[in-house]
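Everything below concerns the one structure shown next.
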Amino acid sequence: MFGDHFGLNIVHVEGEQRFLDALAGESDPEAKRKIIGRVFVEVFDEEALKLDDVKWLAQGTIYPDVIESAASATGKAHVIKSHHNVGGLPKEMKMGLVEPLRELFKDEVRKIGLELGLPYDMLYRHPFPGPGLGVRVLGEVKKEYCDLLRRADAIFIEELHKADLYNKVSQAFTVSCRFVRRRDGRWP
């Protein structure tokens, strides 16, 4: 979407196995967020070193990300959930950081986007968590769970579009839950 609309040369990095390896055995949601954030920064740093003359990193951090991460000057706020794009980048990073939306809420960002002529579908797409499927898979993250969740989510979103409901709800997604049968084969 971004490459086509803005004429950008987007670099896609295949890092699924690296993330899965790092997440192996972990089921705590906040621990998974931190692992995903760490691996994201590692991969980003490695890829950035391959590019010539890159001086800036632009991020789409918005104010709710900052609030939820409790990134306050006092450090006295409680973390709701961590965000890899709030305080997660290495201090020795050679690029400058640009976050033009950091003090704006989503409705303000959308209004600015419309004023700039950005496509409606880009501005009103449903949010996808920074940690990706890692937080939508409850419990340990495994490739087969992620694959199943991607298929289920695609079907769900397609059905929302067919029913003309996608733009009437602000967020809709599937979550992978593990169910365990009792010894007698019945569901709990």
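The values are calculated or read from the model by the stated rules, or taken from the named source; none is laboratory data. Every value quoted in this text rests on a predicted model; they were computed, and no experiment measured them. Using ideal geometry, Cβ is built from the backbone for each residue, glycine included, and neighbour counts are taken over all protein chains shown.
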Check Val169 against each of (1) among the hydrophobic types (A, V, I, L, M, F, W, C); (2) under 18 Å from the mean Cα position of the chain (by Cα); (3) exposed (fewer than 12 other Cβ atoms within 10 Å of the Cβ) and name the one condition it does not meet.
(2)
How many of the residues in region 111-124 are over 18 Å from the mean Cα position of the chain (by Cα) and of a type in the set (D, E, K, R)?
2
Residue pairs, Cβ under 7 Å, 6 or more apart or interchain, first in region 4-16 and in contact (Cβ under 8 Å) with a residue 24 or more places away in the chain, second surrounded by 10 or more Cβ atoms within 10 Å (Cβ to Cβ). List them.
His5/Pro119; His5/Met122; Val11/Glu47; Val13/Val43; Val13/Glu47; Gly15/Val43
Identify the residue in region 125-166 that is basic (Lys, Arg) and either outside any loop (DSSP other than H, G, I, E, B) or modelled with pLDDT under 90 (or both) and, among all such residues, is nearest to the chain's Cα centre (by Cα).
Arg136
Looking at region 89-105, can you tell me whether even one residue there is in a helix (DSSP H, G or I), under 30 Å from Phe6 (Cα atoms), of a type in the set (D, E, K, R) and modelled with pLDDT of 90 or more?
no
